[in-house]
1. Report the local net charge at Ser16: Lys and Arg +1, Asp and Glu -1, summed over other residues whose C-beta lies under 12 Å from its C-beta.
2. Between Arg33 and Arg139, how many nm apart are label points set 7 Å from Cα along the C-beta direction?
3. Can you tell which of Val3, Leu71, Ala32 lies farthest toward the positive end of the dipole of the chain, using +1 and -1 charges on the Cβ of basic and acidic side chains (Lys, Arg; Asp, Glu)?
4. To make sure I understand, if each residue's beta carbon is the centre and we count other beta carbons within 10 Å, what order do Leu55, Leu90 fall in, fewest to most?
5. Show that you can apply the helix-only estimate: for the chain, add -39,500 (n - 2.57) for every DSSP H stretch of four or more residues, divide by all residues, and state [θ] at 222 nm to the nearest 500.
6. Give me the tail of P(r) for the range 24-141 as a percent: Cα-Cα pairs with distance above 22 Å.
7. Between Ile80 and Val113, what is the spin-label point distance in nm, taking each point 7 Å from the Cα along the Cα→C-beta axis?
8. Could you check the spin-label model distance between Gln57 and Phe125? Points 7 Å from the Cα along Cα→Cβ, value in nm.
Amino acid sequence: MRVCGVELKSNEANISLLSLKSGLFQIPDCRARKLALSDNSAEGLRQFQATFAKLLQDYKVEKVIIRQRPLKGKFAGGAIGFKLEAAIELIDGVDVVVFSSTDMKESLKHNPVSVDFAETGLKQFQEAAFTTAYAWLMRHG
């Protein structure tokens, strides 16, 4: 199964592709590490959604796992982040899961990441997206 882990930060979606095949994880190469919303208008959202949908289609992603953000408090997600989340969730034919931090912590407690993140070849800003995808796959993959 190939999934796309997503962490939404302000107007960007940091992404990490991850697949699990025969008990082995693979991090496929991907042309994008993050997708940004350049324009907060309806047209900008449509453009973001189309770009994201094309990426998922090109890389044959079966499921998108979005890291859940708090609705209030110090680390609450902003309005634009929630717009991005909705744009991703409304892509036709894409199975999207919003993965709670509680479930993620539980999964990582039982299945810690066995490789140092620096060895994955991913950029530091992709770590949360990678961890989200990994934790979900360990729990449901």
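1. Every neighbour counted, the sum reads +2.
2. Going by the 7 Å Cα→Cβ label model, 2.7 nm.
3. Farthest towards the positive pole: Leu71.
4. So the ranking, lowest neighbour count to highest, is Leu90, Leu55.
5. On the way: 4 runs with 52 residues, N = 141.
Using -39500 (n - 2.57) per qualifying helix, the result is -11500 deg cm²/dmol.
6. Working: 2690 of 6903 pairs.
In whole percent, the share of Cα-Cα pairs in the range 24-141 beyond 22 Å is 39.
7. Spacing of the two 7 Å Cα→Cβ label points: 2.6 nm.
8. Here the modelled spin labels are 2.6 nm apart.
No lab work stands behind these numbers, since they all come straight from the coordinates. From a predicted model like this one, the values you see are computed outputs, not experimental measurements. Every residue, glycine as well, gets a Cβ built from its backbone with ideal geometry; the counts of neighbours run over all protein chains shown.
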